[in-house]
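Coordinate-derived values only; no laboratory data. It should be emphasised that the depicted structure is a prediction, and the values quoted were computed from it without experimental measurement. In this analysis, Cβ positions are derived from the backbone assuming ideal geometry, glycine residues included, and neighbour counts consider all displayed protein chains.
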Amino acid sequence: MRLTRTAPAADATPVKIHANGNGSAPANGSVPVATPAASSASVVVAASAPTAVAKPRSNRLKRPADDCERDGLLKGKKALVFGVANDHSIAWGIAKALYDQGADVGFSSMSSLIKRRVRPLAASIGATFVEGCDVRDDDEIKKVFEKWHAKNGDLDILVHAVAYAEKEDLAGNFSSTSRDGFHTAFDISVYSLIAMAREARPYMKPGSSIMTMTYYGAEKVVPHYNVMGVAKAALEATTRYLAADLGPSGVRVNAISAGPVRTLSAHGIAGFRTMHNAFAEVTPLRRHITIEDVAGTAVYLASPLSGQTTGEIIYVDGGFNILGLPVASEE
Ligand SMILES: NC(=O)c1ccc[n+]([C@@H]2O[C@H](COP(=O)([O-])OP(=O)(O)OC[C@H]3O[C@@H](n4cnc5c(N)ncnc54)[C@H](O)[C@@H]3O)[C@@H](O)[C@H]2O)c1
């Protein structure tokens, strides 16, 4: 099994500033926001075909033939990941890490992305459960979970890595946010977590884990993040309310607050590149955040290691959130 990819082009302009924000990431995949870097990403996947030694049981996710002995923190766990748009997606980084730790992984993404983007990635980790879903539609969400249950039984790990706001609401004045734009951002980026938790709940046993992706713009003002900052604040509150609701059933709900990562969605935010470049100059650990960094924390949240952690917002931002005055150092 081999997976190669073209990395996004390096950004040419180093910026020395008092970064009053790092950028980040709402947005979509259905209407790709201008993102030459992400859209030029090529994925070449040579998936190892499962050899016909034994017929895979129909109610189990198939694994690549060379991979049956996978071990790890999540061995035997079953995960469903929403939000892979391409191999730069945070959802993909998480899916890969869950798989590397022994979990079987299934996917749900926008239908328009399934054939060219999601299926090849899924095949590279032996995943056969790949379902289209527009999270604005409750029936579509319900069907995904019903199909999951029919094919795989229970669900141990649910990853919600979905967000969208209209491009015009991620630039300019916050007070110009339209009512429709506000509804759209909240519907896709916040309500979808509630709907997914509701549909997943019957299939999640004690010890199961739900996680979503948020950003520091929920707490502090970040230029151009606008309506998505308000949506992320609601998403963080939703995480806490769901954690209290599902906690007695032994299901945990947490959010990862990631620093800026160059993804398709992130490039929909005005000025994202400038903010992204400046981030590594000011954040205490002095480097950019990768999807692998986020995935490491996702593995922890999916595993029994975080067995008594719920309703939390966990930062994966190199320490950016602790700064009172994020300025580039003089050295
Ligand atoms: N990239 C960052 O800097 C960053 C930082 C912090 C948090 N996040 C969050 O991480 C999550 C994943 O975003 P990403 O940066 O990996 O970008 P991404 O573009 O790779 O993923 C966003 C996903 O949301 C999906 N989506 C949008 N509208 C949808 C709909 N109606 N139905 C179903 N799916 C829909 C897109 O198709 C895409 O797969 C988002 O919640 C984002 O806000 C991103």
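What the table shows:
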read-out	value
Note, ³J(HN,Hα) from phi for region 188-195, Karplus 6.51, -1.76, 1.60, rounded to Hz, x at Gly and Pro	6, 8, 10, 4, 4, 5, 5, 4
Region 276-290 - phi-based ³J(HN,Hα) in whole Hz, Karplus 6.51/-1.76/1.60, Gly and Pro as x	5, 4, 5, 3, 5, 7, 10, 5, x, 7, 6, 8, 6, 8, 10
Cβ charges +1 (Lys, Arg) and -1 (Asp, Glu), total dipole of region 266-322, debye	140
Gyration tensor over alpha-carbon atoms, region 147-193, equivalent ellipsoid semi-axes in Å	33, 9, 7
Net charge over other residues, Cβ less than 14 angstrom from the Cβ of Glu140 (K, R count +1; D, E count -1)	-3
Exposure proxy order (Cβ contacts within 10 Å, fewest to most) of Thr297, Thr239	Thr297, Thr239
Where Rh is the Kirkwood radius over Cα pairs, Rg/Rh for region 87-159	0.94
Sum of side-chain charges, Phe82 neighbourhood, beta-carbon under 12 Å (Lys, Arg +1; Asp, Glu -1)	-4
Order by protection proxy (mean Cβ within 10 Å, highest first), peptides 305-313, 139-147	139-147, 305-313
Counted charge near Ile114, where neighbours are those whose Cβ lies closer than 15 Å (Asp, Glu -1; Lys, Arg +1)	+2
Label-point gap, in nm, between Asp137 and Ala171 - each point 7 angstrom along Cα→Cβ	3.0
Cleavage-rule hits (trypsin sites (Lys or Arg not before Pro)) in region 235-324: DSSP loop, at most 15 neighbouring Cβ within 10 angstrom	Arg286, Arg287
Column: log10 I(q)/I(0), Debye, Cα scatterers of region 174-277, q = 0.22 Å⁻¹	-1.15
Under Karplus coefficients 6.51, -1.76 and 1.60, residue-wise ³J(HN,Hα) of region 85-99 in Hz, glycine/proline x	9, 6, 7, 9, 5, 4, 4, 5, x, 5, 4, 5, 5, 4, 4
